[in-house]
Amino acid sequence: MPTTASLHPLIVHAPLVLIPAAVVFTLLSLFWSKGGLRIAAALLLAAGVATAVLATETGEAAEHRAEQMMPELEDISDPGSVPQAVAEGSLLETHAQLGEMTRNIYGLLLLIEGGLLFLTEPMFARLRGGRSLPAGVARLTRGLWTTAAVAGLALVVLTGHYGGKMVYDHGVGTTRDAQTTSSVQTP
């Protein structure tokens, strides 16, 4: 039976795909307002946020298991500017902090998008008593929302990058045998 920690490598790929896909659908909806692209983007974002929550939860369990298997894990550092700014160079903490920031920012963006959809989409007019957000406010809010969503993709990429660095450069979460057999031997 898989443990919570062992599910982390499987789950992390979902938000890495769903969140950028939601942003792409949002951008497409700016050019083709018909066709339900905005609703599809909101659904993709909801799935991305839900799986980001799961990824951070399973990541906590994976972190505890990795610390038990690899006591030197806390000492792994990265000299790059992002790890230095986010977690004083700690690779593990950089990945964890970026993952939490990604989850929180896109969670907030999901709440805002839900409100915008409710206040602007004609399908919800009956529920809101026919009142709508003024067009100028809706455009400004959508522009700011889209800018934040596109800029937030940097967090998605960096979270995956530093997670991959831990696995592929330092063997975190892998068996020691896999590290020693990574090269092909010729006769």
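The values are calculated or read from the model by the stated rules, or taken from the named source; none is laboratory data. Please read all numbers here as calculations on a predicted model, not as lab measurements. Note that we place each Cβ from the backbone using ideal geometry, even for glycine, and neighbour counts take in every protein chain shown. Surface areas here come from the heavy atoms of the whole protein model, side chains and all, with no ligands, DNA or RNA. Shrake-Rupley method; radii C 1.70, N 1.55, O 1.52, S 1.80 Å.
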Report task. Kindly indicate whether Thr26 is within 18 Å of Thr102 (Cβ to Cβ) and of a type in the set (Ser, Thr, Tyr). Result -> yes
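Condition check ((1) of a type in the set (Lys, Arg); (2) open to solvent by less than 30 Å² (accessible area, probe 1.4 Å); (3) modelled with pLDDT of 95 or more) across all residues:
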{"residue": "Ala5", "(1), (2), (3)": "no, yes, no"}
{"residue": "Ile11", "(1), (2), (3)": "no, no, yes"}
{"residue": "Leu18", "(1), (2), (3)": "no, no, yes"}
{"residue": "Val23", "(1), (2), (3)": "no, yes, yes"}
{"residue": "Leu43", "(1), (2), (3)": "no, no, yes"}
{"residue": "Ala50", "(1), (2), (3)": "no, no, yes"}
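Which residue out of Thr102, Thr147 is in contact (Cβ under 8 Å) with a residue 40 or more places away in the chain and under 17 Å from the mean Cα position of the chain (by Cα)?
Step by step, each of Thr102, Thr147 is checked, and only Thr102 is in contact (Cβ under 8 Å) with a residue 40 or more places away in the chain and under 17 Å from the mean Cα position of the chain (by Cα).
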Query raised in the report: Mind checking whether some residue in the range 107-121 is β-branched (Val, Ile, Thr), over 25 Å from Ala135 (Cα atoms), out of contact with any Cys (no Cβ under 8 Å at 6 or more places or on another chain) and modelled with pLDDT of 95 or more?
Result: no
Query raised in the report: Which of the residues that make up the range 124-139 are open to solvent by less than 60 Å² (accessible area, probe 1.4 Å), within 19 Å of Gly36 (Cα to Cα) and assigned to a loop (DSSP other than H, G, I, E, B)?
Result: Ala125
Requested in this report: Provide a single number: the residues in the range 146-174 that are small (Gly, Ala, Ser), surrounded by fewer than 20 Cβ atoms within 10 Å (Cβ to Cβ) and within 16 Å of Leu109 (Cβ to Cβ).
Outcome: 4
Query raised in the report: Which one is nearest to Ala22 (Cα to Cα) among residues in the range 130-163 that are in contact with a His (Cβ under 9 Å, 6 or more places away or on another chain) and small (Gly, Ala, Ser)?
Result: Gly160
Query raised in the report: Among the residues of the range 77-91, how many are crowded, with 18+ Cβ neighbours inside 10 Å and among the hydrophobic types (A, V, I, L, M, F, W, C)?
Result: 3
Report summary line: Sole miss for Thr94 among (1) over 30 Å from Met123 (Cβ atoms); (2) under 20 Å from the mean Cα position of the chain (by Cα); (3) surrounded by fewer than 17 Cβ atoms within 10 Å (Cβ to Cβ) is condition (3)
